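The values are calculated or read from the model by the stated rules, or taken from the named source; none is laboratory data. In this text, all values refer to a predicted model and were calculated from it rather than measured experimentally. Cβ atoms come from the backbone with ideal geometry, glycine included; neighbour counts cover every protein chain shown.
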2 protein chains.
Amino acid sequence: MTEPEPPAVAKLSLAETATEPVKGKKEQEINPWDVQAATDEQGNVLEFDYHAISQKWATKLIDDELLARFERVTGHKPHRWLRRRLFFSHRDLEQILDTYEKEGTFLLYTGRGPSSDSMHIGHTIPFEFTKWLQDVFDVPLVIMLTDDEKFLFKKGLTLKQVRAFARQNARDIIAIGFDPKKTFIYIDSDFFYDGYGKHFMHNVREFEHLITNNQVRGAFGFDGSTNVGSNSFPAVQCVAAFASSYPFIFGLDHKAEDRYAKLAAIPCLIPCAIDQDPYFRILRENCSRMPLPSPKPALIHSKFLTALQGAGGKMSASDPNSAIYMSDTPNQIKKKINSHAFSGGQETKELHEELGGNPDIDVPYQYIAYFEDDDERLVQLAEGYRKGTVLTGEMKKQCVEMMQAYVKRFQEARAKVTDEIYEEFLRPRKLEWAGNPKVERKEVTEPAKEGAAEGAKMGEDGKPLTKNQLKKLLKEQETERKKQEKAAAKAAKEAAQ
Amino acid sequence: MTEPEPPAVAKLSLAETATEPVKGKKEQEINPWDVQAATDEQGNVLEFDYHAISQKWATKLIDDELLARFERVTGHKPHRWLRRRLFFSHRDLEQILDTYEKEGTFLLYTGRGPSSDSMHIGHTIPFEFTKWLQDVFDVPLVIMLTDDEKFLFKKGLTLKQVRAFARQNARDIIAIGFDPKKTFIYIDSDFFYDGYGKHFMHNVREFEHLITNNQVRGAFGFDGSTNVGSNSFPAVQCVAAFASSYPFIFGLDHKAEDRYAKLAAIPCLIPCAIDQDPYFRILRENCSRMPLPSPKPALIHSKFLTALQGAGGKMSASDPNSAIYMSDTPNQIKKKINSHAFSGGQETKELHEELGGNPDIDVPYQYIAYFEDDDERLVQLAEGYRKGTVLTGEMKKQCVEMMQAYVKRFQEARAKVTDEIYEEFLRPRKLEWAGNPKVERKEVTEPAKEGAAEGAKMGEDGKPLTKNQLKKLLKEQETERKKQEKAAAKAAKEAAQ
């Protein structure tokens, strides 16, 4: 058992270091536009309760059994962020593994709301994980930059500003190292209207038609003062999970009058932070009701990356001292970690050697845990800290070096992102991927006949399913999953009592 | 005084002929998606009260003085539909005449929601009027086919169906005889996403950002069960009035990062039925709040075309016997008018000769009044009917011949709408127009400098207004107009008491 404990977030009061002190007991608030940790009676910020949010939203926790199956199916050891449960929860990841075993391919989809022109490690880590998923599965990936969302939801930003942010963010994302042959990155306010977005936007219209003001009010807390653009935005983020929104990726005509039923039937996996789940619950509830029905997308949820200030914090682009930025100099990194990183060590060297430190609340240790792949080394580091043989200064030094190296690698890669490379990633085009090497590749190159739903799904007789058969199948799957979700929620509730 | 009375709608009960009898007293209901005449205590359908709706919505009634000025400014005798007040109400038509005198040009904008694949005379008459306005003013015209609206608001229609309707309707509209050099027709679900719609859609996002769920609830009665697409649709119909949505019309780059402030400053005139006014009130209230502000668009409102069944009816595509269709054969027209047109004549020839008929409620007479341009002839016809010298059969015969001739001319024109002509009208392109021959033409061909608002409006010193000056001017205009609207509403209220 060399697996270290997941890096827990601090259990101590952070009222001194919190940038916006709050008073009085408050529940944690997690939604796509606002993430606030709970506070106790004294106004002290508490750690996020991820098990509670998983239970509340009826997601499944990622367990060793699932990861063992993941390794069997993919032939890859699960990433340290899965092993250490930074990605801690999921929906229907088993079904994606089923699909991958049988069909050999699916669509990967993730995104980012460009709220500033520089990204920090809290932004890059989810993309690093997505890149790893792409490498492991060898499937097509779409990355959506929702500048429209940021414009609609955030006060004081112009459309021109968020569009500029999106372009800078796209270059940062490219620097992560995605394969241009199998990755399409798009900026909403360009892609939708540049001549390739018709099928996407027709999906939006149909999805908007399915969901009511009451539904988005229930899911997101929208009210009378919400602007009508924000109110309908969820449809945009939802249909991005439909492969039928990107016919060109599959070599199909994006100007065709009809969207492609066989693309709509392609399953999707979405890695995202847990706060984005409400979007995809709406999607999962309604995707089988689309004129061309789609299966429920699967999700892998991450926790929030710990802020330099420690527990209950989320790295924030509006607080430069809350995070290591990908544009930081080596000196800035050193200064931030030495001055702002919450320490689990003792006040003096003597006390530390006597009592030992607490790695569970030590931010430098946690940052090391994000990047150190060697489980054994990490256990030793934590044990040394607890015993007092590893000093606070040594822990910080290791963290500084690791972060400096990570940011340096990133900046070197970023400098190599030329205009040509940028344009290639953002150009709507046919992607190339191999998928599961054990499954014979089926090309999706024939346009569907008008009105016919030629699902990629095959019936037991090996023939493509008819539209009605596909609908029936999706309905059965939905019933089954609802049953499973209810059972899981019940079990979780009972376990918590 | 040869001017005949405006064709009044019937004052008699129509309970026998109404297709959907209703019981109990009910106020008239007029909004963009539902038009219902009032009913009395017995459930009898009453005529529409256009003065009441004008007063309620604080529009101005078109009067002889305004029409006299119209004639002075344009050099054209007002169209019979203005003289006879089929177009009865307006907002800021004076300002458009001011603009035309000073600047020489403005944008004409109208549209249609394609709810079926065939149009009737209730649809073609507003387009005939718009064509007349285009001929008189010689200005660019955009015609919007809101297939997205019909899909979102009408139950049971697929996006594919409304798109097909829109294409058929576009051909019908072309057959009216618009000048392809100065007319751009577009289908929302094509134009927005075919590569030319970026500036339009960026205007949509900004407008969506300005208006809240409460505002659209107040204006349109939307509620929790409204789908989110319908809820945000008003933004689409509104920004269609901004010339900055169509840079190509003015020879400017539609792929430019920035929209053009000088296009945003171009005034717009919208001829439409009175039920569309709520859309444009929202627009008028918010257009000066756009990042690139636009002046309030002017409106000319029409009454509803009288259904064959008479008063309180609106021709309906879902009731084939309520209207003369542009696809009807001469025999169908004859049969519809002879069998379904509400008559103001007496039961027998003898009674008619003795008592005379009532042209005010006689649908054949009213249809003749739509098309007979000779005021004198029309007065004689009405007088003859009242005296009993013109019989019901004669009135119907004249109506049948007139309608047959109109529909025949239309069908001949429609047959000549080739695919090439259709595609030319729908192709985003630079339009050509001359505007007011008395005003030297200013070409709008230079792109605005980034961030600068080079309004088409000029200051008193002849120099273009700065962005702040333009904002100030628009604000002053808005204050002045609000004052005028309030005064008009008050005067109308007092007059009604």
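Here A:LYS255 fulfils each of the conditions (1) surrounded by 24 or more Cβ atoms within 10 Å (Cβ to Cβ); (2) more than 7 Å from chain B (Cβ to nearest Cβ) apart from (1). Checking each residue in the range A:173-200 for being under 21 Å from A:THR418 (Cα atoms) and within 11 Å of another protein chain (Cβ to nearest Cβ) picks out A:ASP190, A:PHE191.
Residue count for the range B:1-54, restricted to those that are farther than 15 Å from B:GLN309 by Cβ, modelled with pLDDT of 80 or more, of a type outside the set (Gly, Ala, Ser) and not in a loop (DSSP other than H, G, I, E, B): 7. B:VAL139 passes every criterion in (1) away from chain A (no Cβ under 14 Å); (2) part of a helix (DSSP H, G or I) apart from (2). Being under 22 Å from the mean Cα position of the chain (by Cα), within 18 Å of B:PRO428 (Cα to Cα) and in a helix (DSSP H, G or I), is that true of even one residue in the range B:197-212? Within the range B:197-212 (the criterion being under 22 Å from the mean Cα position of the chain (by Cα), within 18 Å of B:PRO428 (Cα to Cα) and in a helix (DSSP H, G or I)), the answer is yes, since at least one residue qualifies. Within the range B:228-242, the presence of at least one residue that is free of Cβ contacts under 8 Å to residues at least 24 places away in the same chain, on the phi < 0 side of the Ramachandran plot, in a helix (DSSP H, G or I) and at the interface with another protein chain (Cβ under 7 Å from one of its Cβ atoms) is confirmed. Here A:ASP373 clears all of (1) surrounded by 14 or more Cβ atoms within 10 Å (Cβ to Cβ); (2) under 28 Å from the mean Cα position of the chain (by Cα); (3) in contact (Cβ under 8 Å) with a residue 24 or more places away in the chain except the condition numbered (1).
Can we say B:ILE185 is buried (at least 22 other Cβ atoms within 10 Å of the Cβ), β-branched (Val, Ile, Thr), in the same structural domain as B:TYR109 (by TED's automatic domain parsing) and not in a helix (DSSP H, G or I)? When the stated conditions are applied, B:ILE185 passes them. Residue under question is B:ILE96, and the condition is that it be of a type outside the set (Ser, Thr, Tyr), within 22 Å of B:LEU141 (Cα to Cα) and modelled with pLDDT of 95 or more; does it hold? Against the criterion (of a type outside the set (Ser, Thr, Tyr), within 22 Å of B:LEU141 (Cα to Cα) and modelled with pLDDT of 95 or more), B:ILE96 qualifies. Given the condition under 18 Å from A:PHE233 (Cβ atoms), in contact with a strand residue (DSSP E or B) (Cβ under 8 Å, 6 or more places away or on another chain) and facing chain B (nearest Cβ under 9 Å), answer yes or no: does some residue in the range A:143-152 qualify? Yes; the residues of the range A:143-152 include at least one that is under 18 Å from A:PHE233 (Cβ atoms), in contact with a strand residue (DSSP E or B) (Cβ under 8 Å, 6 or more places away or on another chain) and facing chain B (nearest Cβ under 9 Å).
Yes or no, residue by residue, for (1) assigned to a loop (DSSP other than H, G, I, E, B); (2) within 17 Å of the chain's Cα centre (by Cα); (3) under 24 Å from B:PHE129 (Cα atoms):
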site: B:LEU252; (1), (2), (3): yes, no, no
site: B:ALA256; (1), (2), (3): yes, no, no
site: B:ILE270; (1), (2), (3): no, yes, yes
site: B:ARG281; (1), (2), (3): no, yes, yes
site: B:PRO295; (1), (2), (3): yes, no, yes
site: B:ASN331; (1), (2), (3): no, no, no
site: B:SER339; (1), (2), (3): no, no, no
site: B:HIS352; (1), (2), (3): no, no, no
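When A:ALA382 is tested against (1) assigned by TED's automatic domain parsing to the domain that holds A:SER339; (2) modelled with pLDDT under 95, just one condition goes unmet, and that condition is (2). Restricting attention to the range B:348-370, the residues that are surrounded by 17 or more Cβ atoms within 10 Å (Cβ to Cβ) and polar (S, T, N, Q) add up to 2. Restricting A:GLY122, A:GLY113, A:GLY75, A:GLY156 to those that are within 14 Å of chain B (Cβ to nearest Cβ) and more than 21 Å from A:ALA265 (Cα to Cα) reduces the list to A:GLY156.
Of B:ALA166, B:ALA170, all but one fail to be away from chain A (no Cβ under 14 Å) and modelled with pLDDT of 95 or more; the exception is B:ALA170. For the range A:153-188, filtering for residues that are among the aromatic types (Phe, Trp, Tyr) and farther than 30 Å from A:ALA434 by Cβ leaves 2.
A:GLY393 meets all of the listed conditions (1) surrounded by fewer than 21 Cβ atoms within 10 Å (Cβ to Cβ); (2) over 26 Å from A:LYS334 (Cβ atoms) but one, namely (2).
If the condition is being touching a strand residue (DSSP E or B) at 6+ places or on another chain (Cβ under 9 Å) and either surrounded by fewer than 22 Cβ atoms within 10 Å (Cβ to Cβ) or of a type in the set (A, V, I, L, M) (or both), then the range A:303-319 contributes A:LYS303, A:PHE304, A:LEU305, A:ALA307, A:ALA311, A:LYS314, A:MET315, A:SER316, A:ALA317, A:ASP319. Of all the numbered requirements in (1) at pLDDT 95 or above; (2) out of contact with any helix residue (DSSP H, G or I) (no Cβ under 7 Å at 6 or more places or on another chain); (3) under 19 Å from B:ALA311 (Cα atoms), B:MET395 misses one, and that requirement is (2).
Number of residues in the range B:354-372 that are assigned to a loop (DSSP other than H, G, I, E, B), more than 15 Å from B:GLU401 (Cα to Cα) and of a type outside the set (S, T, N, Q): the value is 3. Scanning the range A:213-227 for residues that are assigned to a helix (DSSP H, G or I) and among the polar types (S, T, N, Q) gives A:ASN213, A:ASN214, A:GLN215. Here B:ASP98 passes the criteria (1) more than 14 Å from chain A (Cβ to nearest Cβ); (2) touching a residue at least 12 places away in the same chain (Cβ under 8 Å); (3) not in a loop (DSSP other than H, G, I, E, B) except the one numbered (2). Screening A:SER225 with (1) more than 19 Å from A:GLN276 (Cα to Cα); (2) within 13 Å of another protein chain (Cβ to nearest Cβ); (3) touching a residue at least 12 places away in the same chain (Cβ under 8 Å); (4) over 23 Å from the mean Cα position of the chain (by Cα) gives one miss only, at (3).
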